1. Counting heavy atoms of the protein chains only and a 1.4 Å probe, report the per residue accessible area for segment 50-149 as a whole number of Å².
2. Where Rh denotes the Kirkwood radius from the mean inverse Cα pair distance, what is Rg over Rh for segment 40-102?
3. Based on the Kirkwood radius over alpha-carbon pairs, what value in µm²/s does the Stokes-Einstein equation return for the translational diffusion coefficient of segment 106-191 at 37 °C and 0.692 mPa s?
Amino acid sequence: MEAAGDPYQASLQPRRHSPRLPPRNGYGVYVYPNSFFRYEGEWKGGKKHGHGKLLFKDGSYYEGEFVDGEITGEGCQHWAWSGNTYSGQFVLGEPQGHGVMKYKAGGRYEGELSQGLREGQGFLEDQDGQVYQGSFHDNKRHGRGQMIFKNGDKYEGDWVRDQRQGHGVLCCADGSTYKSAPEADFPYSVLKSDEPCATRETEVCPNACACPNG
């Protein structure tokens, strides 16, 4: 019978290595146990704190400020899966506050965000060069805003979930101008005279099918 605590038998047991701990303070590089994350930057009390760069195995990355281990403050993040890049304010890992989002497909957004979505006032240019400036809610044009379309038309007025809806004025590239009002019998009416849009009288468009709709 083998004696208890036989050193030969003990040597045959697989050795268990303690996982490498992240740096405590100062600058350091740490590869997480799952190997998906790699962090290079400043540490405080064993947490990411200060300026650093967090790299993802899929090619995504974040570079900027960290607070108590969280992505919080000013920084830049690139998402490999979408190709989009955001520079601006972050709170707990999400774009929040003011920033600029550049889209891989073309176009950009500059303005206010909440939890990664367009929320508040902002400027959006799409891949076709169309420009919207105004209010956003839940990532959509919502509230008061102005948009210039690629054909030269310009609309200023109310939006509801990315659709023109409510009071507004549409100035077409051909010089014709239309005014919309939710209480009207037709969605748009023709503006009369050469006075500024805000002071013109209106008459109902005689051909409703020819008028633009919301």
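1. Using a 1.4 Å probe on heavy atoms only, each residue of segment 50-149 averages 51 Å².
2. 0.97
3. The estimated diffusion coefficient comes to 245 µm²/s.
The values are calculated or read from the model by the stated rules, or taken from the named source; none is laboratory data. The model shown is predicted, which means the values in this text are computed figures rather than measured ones. Areas reflect the complete protein model, heavy atoms only, side chains present, ligands, DNA and RNA absent. Shrake-Rupley method; radii C 1.70, N 1.55, O 1.52, S 1.80 Å.
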